[in-house]
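To start, the structure itself, in C-alpha cells.
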Amino acid sequence: NLLKLINDIIDISKIESEQLKIQKTSVNINELLDQVYNRYEELLTISHPGEIELHLEKAIPGSGLTIETDPYRLQQVIANLLNNAIKFTKEGRIEFGYKVENGNLKFFVNDDGVGIPVNMQHLIFKRFGKLEDPDKINLSGTGLGLSISKSLVELLDGDLWFNTKHKAGAEFFFTIPIKETKLKNPLPRESATNTSTQELNLKNKLILIAEDETLNYKLLETLIKRTGAEVLWAKNGLQAVEIYAERDDIDLIFMDIKMPKMNGYEASIKIKNINPNIPIIAQTAFAFANEKVKILESGCDFYLKKPLQKKEIHNVLNKYLNK
C-alpha cells in the first residue's frame, strides 16, 4: 500500500530527526483495547472467516486502568504487531492484551503462525527487514512496521522484544510505565443518545459505497447491512458518478478519496452538481492537515478518517438517515 509506505517513511524520518512528538493524554486502556479488538474482529471475519480466532486478555477487568500516554502511538504499535501476527498466521489463534508487572503495563501479541527462523531474527527490528517464508505466504508490507514500533515504544519510555521458535509461532511484548491520571473521567464515553447497530432501522434505505479496496468495502458493507439498509458498490469515482446519475433512490454515499479513474474529490463535485442535497461522507487515510478542508470544499457533508470506527459509522447513519 503506497500510502502506508509514505506514512511509515514520514514516521521514520521524524524519528531519525527527533521531530516525532509524543502527545500524552489520559487513556483508559481497556476502552482502547476494546476498540482495537472490535476493529480486528470485523476484519478477520471478512478476510479470514473461520480461520483465525482473536482473543483479548485484560489484566484489570471492568473499567480497567486510566494512565497518561499517547493513545494514537499506542494503538499504532498494537496494530503493527497484530498486522504481523495475521500476516504470518494461516489459521489458529491470536492473543493480545496486557499484564501488570513491576510498575509497568506489559502488552503482548501471540500467534500460532510460522515463527521466525533463527538466522532471520536479527533482521526483525531493522528498517526494511522482511521475513521471507518458505511456505510462500503472501507477505506484503513495508518492512518498517516493527522498526517504527520499537522506536515508538522507546519514546513511550518502554521496551519491545520477542520470543519465537521457527514453525511454532511468535510472541511480541512491550512495556510502558504506569502513570495513573488524576482525572476521574479522562475519556469521554459514548453518549447515551448514540445509536447502536441493533437500534438503527434503515430498512428501505439505499447506500452507495465508493471504495476500490475490497476489504474496506466488505467491512463497511457488513456494518451497514446490519441496519437493514441495501448497499451498492462503486469501485472507482467514475463508476460512482455513473451509478448515481442512473438512479434516483440512493439515500447516502460513502466516498473514498483515493480511487482510480476518478478520485473522491472530483466524484463528489459531479454528484453534488446532480443533486446538492445528497449526503456524501468522505472516508480517507490521508493524514495531511489541509485534507479536511479540501474534502469539505468538494461538497462532502462529513469526514471520517480511516480506519473507520463502528461508533462513528453508526452516528453518521443515525444523523443523516434515521429521521
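The values are calculated or read from the model by the stated rules, or taken from the named source; none is laboratory data. This is a predicted model, so every value here is computed, not measured. Here the Cβ is made from the backbone with ideal geometry for all residues, glycine too, and neighbour counts use every protein chain on show.
Working carefully through the options 240, 210, find the one that is at pLDDT 95 or above, crowded, with 21+ Cβ neighbours inside 10 Å and more than 27 Å from residue 40 (Cβ to Cβ). Before the answer, list the steps.
Numbers: 210 fails: more than 27 Å from residue 40 (Cβ to Cβ).
Only one candidate passes the filter, namely 240.
Which of the residues belonging to the range 101-114 are surrounded by fewer than 20 Cβ atoms within 10 Å (Cβ to Cβ) and touching a residue at least 12 places away in the same chain (Cβ under 8 Å)? Result: 101, 103, 104, 106, 108, 112. Can you work out which of the residues in the range 276-323 that are under 25 Å from residue 31 (Cβ atoms), at pLDDT 80 or above and of a type in the set (A, V, I, L, M) is surrounded by the most Cβ atoms within 10 Å (Cβ to Cβ)? The extreme case among them is 317. Of the residues making up the range 67-76, at least one is touching an Asp or Glu at 6+ places or on another chain (Cβ under 9 Å), in a helix (DSSP H, G or I) and modelled with pLDDT of 85 or more. Close Cβ contacts (under 6 Å, 6 or more residues apart or on different chains) running from residues in the range 78-100 that are in the same structural domain as residue 57 (by TED's automatic domain parsing) and without any contact (Cβ under 8 Å) to a residue 60 or more places away in the chain to residues that are part of a helix (DSSP H, G or I) and of a type in the set (Gly, Ala, Ser) comprise 94/85. Out of the range 199-251, which residues are in contact with a strand residue (DSSP E or B) (Cβ under 6 Å, 6 or more places away or on another chain) and in a loop (DSSP other than H, G, I, E, B)? Result: 211, 229, 249, 250, 251. Condition check for residue 68 on (1) of a type in the set (Asp, Glu); (2) under 16 Å from residue 175 (Cβ atoms); (3) surrounded by fewer than 16 Cβ atoms within 10 Å (Cβ to Cβ): one failure, at (3). Filter the range 212-241 for residues that are hydroxyl-bearing (Ser, Thr, Tyr), within 21 Å of residue 258 (Cβ to Cβ) and in contact with an Asp or Glu (Cβ under 9 Å, 6 or more places away or on another chain) and give the result. 217, the sole residue that qualifies.
Any idea which residue in the range 13-60 is nearest to residue 71 (Cα to Cα), counting only those that are part of a helix (DSSP H, G or I) and hydroxyl-bearing (Ser, Thr, Tyr)? Break it down stepwise before answering.
In the first step, residues of the range 13-60 are kept if they are part of a helix (DSSP H, G or I); the result is 13-16, 29-47.
From what is left, the residues that are hydroxyl-bearing (Ser, Thr, Tyr) are 13, 37, 40, 45, 47.
Values: 13: 21, 37: 15, 40: 17, 45: 25, 47: 26 Å.
Result: 37.
Looking at 222, 214, 284, just one residue is of a type in the set (Val, Ile, Thr) and touching a residue at least 60 places away in the same chain (Cβ under 8 Å), and that residue is 222. Is there any pair with a first residue in the range 29-53 that is under 17 Å from residue 85 (Cβ atoms) and touching a residue at least 12 places away in the same chain (Cβ under 8 Å) and a second that is part of a helix (DSSP H, G or I) and of a type in the set (Gly, Ala, Ser) whose Cβ atoms are under 8 Å apart and which are 6 or more apart or on different chains, and what are they? The qualifying pairs are 36/79.
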